[in-house]
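Remarks on the structure that follows.
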Amino acid sequence: MSATETTVHVTVKSPQSMRELGRRLAGLLRPGDLVLLTGELGAGKTTLTRGLGEGLGVRGAVTSPTFVIARVHPPLAEGPALVHVDAYRLGGGLDEMEDLDLDVSLPESVVVVEWGDGKVEELSEDRLHLVIERAVGADAPAADAGDEVADEDDVREVAVRGVGPRWAGADLTVLAGE
């Protein structure tokens with residue numbers, strides 16, 4: 001990890017906790033921020049983005065943009081719009097995504113790209129990369145009495161890595177929530 005990268009790990013125990021992580025993440029974001037989400041199908045990428053939209057106070061239900069590729073959610077008040085992109089069906093890098101005009105949207109919006117690994121990093125030297133993995137077997141944390149774990153299959157480990165000068169000094173530990 002270079003001096004311009006910082007990483008924090010967060011255990012998420014339910015879909016509601018994933019939404020809450022998105023709301024906390026919204027508190028760190030500002031116009032021009034690029035967020036990449038990586039994880040298998042059903043990992044919680046859209047659930048996290050739904051919480052992020054709630055935290056940013058944007059208009060419209062945040063749903064998976066798989067078939068439309070990108071959705072723009074304008075702010076309800078002051079603050080940036082949320083541009084939610086699903087690059088799952090896009091094979092190429094920025095060339096294929098050029099029609100989405102992400103480079104035009106980025107300065108005044110928060111751009112979240114699901115499945116963007118290896119496709120959109122060139123948009124900005126500063127970005128947050130969240131990798132969401134299911135915690136299984138020995139990796140899954142034990143539930144304490146009072147934990148909100150709905151099902152052990154809902155437990156996720158989220159690695160949040162800030163890349164570039166924008167995130168070098170950022171306190172990403174606030175994402176852990178406790």
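Could you figure out which of (1) out of contact with any helix residue (DSSP H, G or I) (no Cβ under 8 Å at 6 or more places or on another chain); (2) at pLDDT below 90; (3) closer than 16 Å to Leu37 by Cβ isn't true of Arg161?
Of (1) out of contact with any helix residue (DSSP H, G or I) (no Cβ under 8 Å at 6 or more places or on another chain); (2) at pLDDT below 90; (3) closer than 16 Å to Leu37 by Cβ, only one is false for Arg161: (2).
Picking from Val58, Val8, Val12, which residue would you name as being closer than 12 Å to Arg156 by Cα, over 12 Å from the mean Cα position of the chain (by Cα) and of a type outside the set (Lys, Arg)?
After ruling out the rest, the residue left standing is Val12.
Of the residues that sit in the range 58-87 and are open to solvent by 30 Å² or more (accessible area, probe 1.4 Å) and in contact with a Pro (Cβ under 7 Å, 6 or more places away or on another chain), which one is farthest from Trp115 (Cα to Cα)?
Selected residue: Arg59.
Go through the range 25-56 and give me each residue that's open to solvent by 30 Å² or more (accessible area, probe 1.4 Å), over 15 Å from His129 (Cα atoms) and not hydrophobic (A, V, I, L, M, F, W, C). Please lay out each step first, then the result.
Step one: list which residues in the range 25-56 are open to solvent by 30 Å² or more (accessible area, probe 1.4 Å), which gives 27-28, 30-31, 38, 40-42, 47, 50, 54-55.
Subset that is over 15 Å from His129 (Cα atoms): 27, 30-31, 41-42, 47, 50, 54-55.
Result: Gly27, Arg30, Pro31, Gly42, Thr47, Arg50, Glu54, Gly55.
Give the residues of the range 117-135 that are assigned to a loop (DSSP other than H, G, I, E, B) and either under 16 Å from Pro15 (Cα atoms) or not hydrophobic (A, V, I, L, M, F, W, C) (or both), sorted by residue number.
Asp117, Gly118, Lys119, Ser124, Glu125, Asp126, Ala135
Take the conditions modelled with pLDDT of 60 or more and open to solvent by 40 Å² or more (accessible area, probe 1.4 Å) and apply them to Glu114. Does it pass?
It is false that Glu114 is modelled with pLDDT of 60 or more and open to solvent by 40 Å² or more (accessible area, probe 1.4 Å).
Going by what's in this entry, would Leu21 be described as outside any strand (DSSP E or B), touching a strand residue (DSSP E or B) at 6+ places or on another chain (Cβ under 9 Å) and open to solvent by less than 20 Å² (accessible area, probe 1.4 Å)?
Yes, satisfied.
Residues are listed down the side, and each one gets a yes or a no for (1) modelled with pLDDT under 95; (2) more than 20 Å from Val174 (Cα to Cα); (3) assigned to a loop (DSSP other than H, G, I, E, B); (4) of a type in the set (Gly, Ala, Ser):
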position	(1), (2), (3), (4)
Thr6	yes, no, no, no
Gly60	yes, yes, yes, yes
Ser64	yes, yes, yes, yes
Asp103	yes, yes, no, no
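Could we say that Glu121 is crowded, with 17+ Cβ neighbours inside 10 Å, modelled with pLDDT of 80 or more and more than 19 Å from Leu52 (Cβ to Cβ) here?
When the stated conditions are applied, Glu121 passes them.
The values are calculated or read from the model by the stated rules, or taken from the named source; none is laboratory data. This structure is a prediction, so every number in the text was calculated from the model and none was measured. For neighbour counting, all protein chains shown are included, and Cβ atoms are generated from backbone atoms with ideal geometry for every residue, glycine included. Protein only, heavy atoms only, side chains kept; ligands, DNA and RNA dropped before computing areas. Shrake-Rupley method; radii C 1.70, N 1.55, O 1.52, S 1.80 Å.
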